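The values are calculated or read from the model by the stated rules, or taken from the named source; none is laboratory data. Remember, predicted model here, so these are calculated numbers, not experimental data. Don't worry about glycine lacking a Cβ; one is built from the backbone with ideal geometry, like all the others, and counts go over all protein chains shown.
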Amino acid sequence: MAKGDPGVTRGGRRAAPRSRKGATGDPELVQLLTPEGERIDSVTGPDGTEYRVDFTDEEYRGLYRDLVLVRKLDAEATALQRQGELGIWASLLGQEAAQVGSGRALRTQDMAFPTYREHGVLYCRGIDPIMPLGLFRGVDQGGWDPNEFKFNMYTIVIGAQTLHATGYAMGVAMDGKTGTDDGEAVIAYFGDGATSQGDVNESFVWAGVFNAPLVFFCQNNQYAISEPLERQTRIPLYQRAAGFGFPGVRVDGNDVLATYAVTRHALDNARHGQGPSLIEAYTYRMGAHTTSDDPTRYRIASEVEAWQAKDPIARMKAFLDKQQIAGADFFAEVDEQARRESVHLRERVLAMPNPEPTTLFDHVYPNGSPLLDEQREQFSKYLESFEGSAH
Ligand SMILES: Cc1ncc(C[n+]2csc(CCOP(=O)(O)OP(=O)(O)O)c2C)c(N)n1
Ligand SMILES: [Mg+2]
């Protein structure tokens, strides 16, 4: 998959990409691909860092494939919830580029700490997309091994994973795993609403003071359920970093190329021992907060339409098409793959066995506990009390 290195370019292969400071109309936003699919060669961020990517045609097509697959699998999960097959689903619709761009920027050795919405990052880490569906179907407690995939369990408690990530990152540094090209970096995902949590601010303090190799990746999707961004902050979120003593940058989160470049740069700084940074990926939650939410109650249609024009997949498609990196056959083939994979996902979800109810008590402690044993016993007796019960 995409391995292009920001900061290095082969240059000149295609016509006249532009270079500029920030994006037109918003000097604070790092953007390498406009909503119209126009490529910008390099952009200078607020601290003077120059961001660029250099991907092969195959890598560009790979990123497009990721975006389409991730969106399709997410749509399938939403449909499954609507049909009563999942308890709840938190869709990533609109945030595909923020997740694929940052997810692909991670190196194998890097550790990620997600929220409950990071299905795109999970996909990039090579985890079977069925895993979170088991969780939200209520048939398991999250089935992947965080150490095998370097991707932790989903965290529902807003902001808590930033503390876990900070402690983990401090440990990485203490273990001497930073300071080289092969060093380990850590990334913590969270939302705009989470920035108002004590946990997140405490993480900023600790990561800053202990120079932890940590990238704080905030997907500012403009809402915390129904609460809009202006209820969280009076300044752009990325500027918060300055008060904690580390760099902050705002990237166009609907631009997979810019997100990749900015995240790779921040991760490389972290792995080389240069400490934490904050990325604000400026994006939009196109769907509901979760399937339990109705966003028409608190936001107007014209706002959603304005963001539709900035769609992360449409701009990548326009770019590939304009530059003749991909054509109709490729787009049709990707759509067909997405269709096949989503059908396969659905079949496997419907075939998931219900667990034995008492397995609820397993895996709470590595060696069990007398209290849990007692509760398991009581619960078994309760189940047996039902006439015709198999238990
Ligand atoms: C500590 C805590 N408080 C409240 C909630 C309820 N809650 C679930 S999601 C959410 C909003 C989070 O918004 P944001 O951080 O912007 O993330 P997004 O859902 O937009 O990705 C809230 C308040 C929770 N899960 N945890
Ligand atoms: Mg949000």
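Within segment 172-199, the only residue that satisfies the criterion of being within 16 Å of ligand 1 (Cβ to nearest atom), in a strand (DSSP E or B) and among the β-branched types (V, I, T) is I187. Scanning segment 300-310 for residues that are more than 17 Å from Y282 (Cα to Cα) and either in contact (Cβ under 8 Å) with a residue 24 or more places away in the chain or in a helix (DSSP H, G or I) (or both) yields A301, S302. Looking across segment 336-358, the residues that are loosely packed, with under 13 Cβ neighbours inside 10 Å and either under 24 Å from the mean Cα position of the chain (by Cα) or of a type in the set (D, E) (or both) come down to E336, R339, R340, V343, E347, E356. Can you pull out the residues in segment 218-250 that are more than 9 Å from ligand 2 (Cβ to nearest atom) and part of a helix (DSSP H, G or I)? Within segment 218-250, E230, R231, L237, Y238, Q239, R240, A241, A242, G243, F244 meet the criteria.
Cβ-Cβ under 6 Å, sequence separation 6+ or interchain: first residue in segment 221-247 and touching a residue at least 40 places away in the same chain (Cβ under 8 Å) and closer than 18 Å to A90 by Cβ, partner among the β-branched types (V, I, T) and assigned to a loop (DSSP other than H, G, I, E, B). Which pairs? Hits for this filter: N221/T283.
Within segment 218-229, the set of residues being surrounded by 24 or more Cβ atoms within 10 Å (Cβ to Cβ) and either among the hydroxyl-bearing types (S, T, Y) or under 14 Å from R240 (Cβ atoms) (or both) comprises C218, N220.
Listed by first and then second residue, the pairs linking a residue in segment 193-214 that is over 14 Å from Q232 (Cβ atoms) to a residue that is within 9 Å of ligand 1 (Cβ to nearest atom) and at pLDDT 95 or above, with Cβ atoms under 7 Å apart and 6 or more places separating them unless they lie on different chains, are D199/G159; D199/A160.
Counting only residues that are under 23 Å from H164 (Cα atoms) and more than 11 Å from ligand 1 (Cβ to nearest atom), segment 214-238 holds 5 of them. Within segment 211-260, the set of residues being out of contact with any strand residue (DSSP E or B) (no Cβ under 9 Å at 6 or more places or on another chain) and not hydroxyl-bearing (S, T, Y) comprises N211, I225, E227, P228, E230, R234, I235, G243, G245. Among residues of segment 200-217 being in contact with a helix residue (DSSP H, G or I) (Cβ under 6 Å, 6 or more places away or on another chain) and part of a strand (DSSP E or B), the one that is surrounded by the most Cβ atoms within 10 Å (Cβ to Cβ) is L214. Of all residues in segment 261-271, at least one satisfies being under 15 Å from L29 (Cβ atoms), of a type in the set (A, V, I, L, M, F, W, C) and either surrounded by fewer than 21 Cβ atoms within 10 Å (Cβ to Cβ) or touching a strand residue (DSSP E or B) at 6+ places or on another chain (Cβ under 6 Å) (or both). Screening Y168, Y154 for residues that are within 21 Å of E118 (Cα to Cα), part of a helix (DSSP H, G or I) and either more than 12 Å from ligand 1 (Cβ to nearest atom) or touching a Leu at 6+ places or on another chain (Cβ under 8 Å) (or both) leaves exactly one candidate, Y168. Scan segment 268-298 for residues that are closer than 27 Å to D311 by Cα, outside any strand (DSSP E or B) and touching a residue at least 24 places away in the same chain (Cβ under 8 Å) and the total you get is 14. Criterion applied to I313, I325 was being in a helix (DSSP H, G or I), away from ligand 2 (no atom under 16 Å from the Cβ) and at pLDDT 95 or above, and the one residue passing it is I313. Please enumerate the residues belonging to segment 74-98 that are of a type in the set (A, V, I, L, M, F, W, C), part of a loop (DSSP other than H, G, I, E, B) and surrounded by 24 or more Cβ atoms within 10 Å (Cβ to Cβ). Listed by number, the residues that qualify are W89, A90, L92. Restricting attention to segment 107-124, does a residue exist that is out of contact with any strand residue (DSSP E or B) (no Cβ under 7 Å at 6 or more places or on another chain), of a type in the set (G, A, S) and away from ligand 2 (no atom under 16 Å from the Cβ)? No, segment 107-124 contains no residue that is out of contact with any strand residue (DSSP E or B) (no Cβ under 7 Å at 6 or more places or on another chain), of a type in the set (G, A, S) and away from ligand 2 (no atom under 16 Å from the Cβ).
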